[in-house]
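Note sheet for the following structure.
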Amino acid sequence: MPQYWWDIYGPFDPGEDGYPNAGQVVRHYRNLKNWTPAQLGEALGKSARWVQAMEHDNTVPEAISRRRAIAAILGIPPILLGLASTESVNPTIANTETQKKTLITLPTIEQYQDVLRLYWELDYTSTAQESLDDIKRWIHHLQAQAKDTPSEQYRIPLIELICRYHQLATWIARDQRDYGTAFYHANRAIKLAQSLNNNELIAATLFRRGRTKLEQGDIEGAITDMDAAIPYAKRSRSQLKSLVLLASGHARVHAKNISGTDITQALTLIDQAGRIVRSGNLENDESFVKLNTGRFHQDRAGALILISKPNQALDELELASRSVGVDQTRRHAYINVLRAHAYAKDGDITMALATAEEALAVSKSLRSNINIARLQELHDLLSTGKYKDSPQLARFGLMLKR
C-alpha cells in the first residue's frame, strides 16, 4: 500500500496535484471537531446536504478564499487543502513521487491514539455512522505501517491500535444493526488481541462481540463470549473488569425460560460489578468502555425490566440519568428507551409512549438504528395487547414509519 506525505495527518486517498482527497480531509476534521454537517453548513452559509455532498463527492470549492475559510473553521492544516507547498513538509516524510516510507515514531503513534480517542468521543456524543469509512481507512493505514515496521518497539503498539480501531468499527456497525460488518471487525479484533496475549484487549474484544450477539438475538452466544471474557477481565483494570461482570449478568436475564437460579446468578454478577463501581476506583484504560455509576444503574435497570421489576428499574434509571454527562446524548437516549419499556411493563401507557416519542426523536437524529429497533419492539408489543386501539400508540407508529 503506498504511503504519502500526508500520512502523518490521516489516511486520506490521493486527490489531484499531489494533495489528499479534500472531501475526506474536511469530513475527518469536522468529525474531530465533533460537528454535524448542519453545524458546518451553518458556519459556511450552506445546508447540511451541501456539506455531505461536498465531502462525499470531493467537491470542496476551488476558490482559495473558501478553502481558507474551511481550513480556519475546522483547524485543518492549510497544506492538506492545497493552500501551502508540499516543499514545507518534513523531509523525513515521503512525497507522492518517491513514495518513501513514513518514519514511525512514538509521537506518531500517540497521534494515532489521540485520533482514536476523538472518534470514540464522537460515538458517545453524536453520530459516528459517517465515520465508519474513515475508520476503515485508518485500519488499512495502520496495517501497512505495522507490516513495514520491523522494530517490535513500534510494531506491537501499532497492532494494539489496529485491534482498538476494529473494536470501534464493531461498535459503530452494531449501532447501525449492520451485523455482518460488526462481526467481521469483532472477529479480527479478537484474533489480534489473542495474538498479543493482552488480557485487557481480549476481555474488551470478547465483551464487544458478546454485546453484538446479544443485540442480534443470539443469547447463548452472548453468554458464551461474556463467560470467556471474565477470566481476562479479572486480570484487567477495574473499569473493564466491572463492565464485563455487569454485561455477563445482563446477558443472562435475556435467556428464554429463565429460572430463579439463573436470576440469582445474574443479579450476583451485576452486584459484583456494582461493588467495584461504588468503590470509586475506576481506573481509565484504553478500552473506551466509559463505565461509571450512570452506566451501572442503566444496565441494572435493563435487567430489572426483563425480570418484571419495572418500579425498581425506574428508580435505577433516575440514578443513571443524574450520573451520565449531558454531552453523552446517545446514552441519555438509551436511558429513555429503557424508561419507555419500564413504564409499559408497569402499565402506564401514557408515560411509556411520551417517553418513547422523545427517545425516538433523538435516536433518529443520531441515526441509531439499534435504539429505533428497540422502540419498534415496544410498539409491536403494545400493539398486541389491550392498548392496540390507543390513538397515542397509532401516532407513535406513524412516527416510527417516517
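Here is a yes/no grid of residues against (1) in contact (Cβ under 8 Å) with a residue 40 or more places away in the chain; (2) of a type outside the set (Gly, Ala, Ser):
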site	(1), (2)
Asp123	yes, yes
Tyr154	yes, yes
Ala182	no, no
Gln194	no, yes
Arg209	no, yes
Arg235	no, yes
Item to check | Contacts under 7 angstrom Cβ, first residue in the range 389-402 being without any contact (Cβ under 8 Å) to a residue 24 or more places away in the chain, partner in a helix (DSSP H, G or I), 6 or more apart | outcome: Gly397/His379
Item to check | Residues of the range 330-352 classified as of a type in the set (S, T, N, Q) and crowded, with 19+ Cβ neighbours inside 10 Å, total | outcome: 1
Checklist entry - Quick one: would you say Thr205 is within 29 Å of His332 (Cβ to Cβ), in contact with a helix residue (DSSP H, G or I) (Cβ under 7 Å, 6 or more places away or on another chain) and at pLDDT below 85? => result no
Checklist entry - Which of the residues that make up the range 172-188 are within 21 Å of Ile372 (Cα to Cα) and surrounded by 21 or more Cβ atoms within 10 Å (Cβ to Cβ)? => result Ile172, Ala173, Arg174, Asp175, Ala182
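I'd like the full set of residues that are without any contact (Cβ under 8 Å) to a residue 60 or more places away in the chain and within 25 Å of Leu122 (Cα to Cα), limited to the range 372-388.
Listed by number, the residues that qualify are Ile372, Arg374, Leu375.
Just to be sure before I move on: is Val326 at pLDDT 95 or above and of a type in the set (Val, Ile, Thr) in the structure I sent? I'd like the intermediate steps shown before the answer.
Values: at pLDDT 95 or above: no; of a type in the set (Val, Ile, Thr): yes.
When the stated conditions are applied, Val326 does not pass them.
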Next on the checklist: When you check Gln272 against the structure, is it more than 22 Å from Ala352 (Cα to Cα), outside the structural domain of Asp123 (by TED's automatic domain parsing) and touching a helix residue (DSSP H, G or I) at 6+ places or on another chain (Cβ under 6 Å), yes or no?
Outcome noted: yes
Next on the checklist: For the range 13-91, give me every one of the helices (runs of 4 or more DSSP H) that falls completely inside it and has 3 or more residues that are among the β-branched types (Val, Ile, Thr).
Outcome noted: 64-74
Checklist entry - Among the residues of the range 91-116, which ones are modelled with pLDDT of 50 or more and among the aliphatic types (A, V, I, L, M)? => result Leu103, Ile104, Leu106, Ile109, Val115, Leu116
Checklist entry - Out of all the residues in the range 346-389, which are among the basic types (Lys, Arg), over 17 Å from Leu317 (Cα atoms) and part of a helix (DSSP H, G or I)? => result Lys364
Item to check | Single residue of the range 268-285 satisfying the filter (buried (at least 19 other Cβ atoms within 10 Å of the Cβ) and under 20 Å from Arg208 (Cβ atoms)) that is modelled with the lowest pLDDT | outcome: Leu282
Checklist outcome for this item: Note on the range 274-315: residues touching a Leu at 6+ places or on another chain (Cβ under 7 Å) and among the aromatic types (Phe, Trp, Tyr) are Phe296
Next on the checklist: Criterion first (in contact (Cβ under 8 Å) with a residue 24 or more places away in the chain and exposed (fewer than 13 other Cβ atoms within 10 Å of the Cβ)) does Arg322 satisfy it?
Outcome noted: yes
Checklist outcome for this item: Taking first residues from the range 239-250 that are closer than 12 Å to Leu206 by Cα and second residues anywhere that are of a type in the set (Lys, Arg) and at pLDDT 95 or above, the pairs with Cβ under 7 Å that are 6 or more apart or on different chains are Ala247/Arg211
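The values are calculated or read from the model by the stated rules, or taken from the named source; none is laboratory data. On a predicted model such as this, the values are computed, not experimentally measured, just so you know. Note that we place each Cβ from the backbone using ideal geometry, even for glycine, and neighbour counts take in every protein chain shown.
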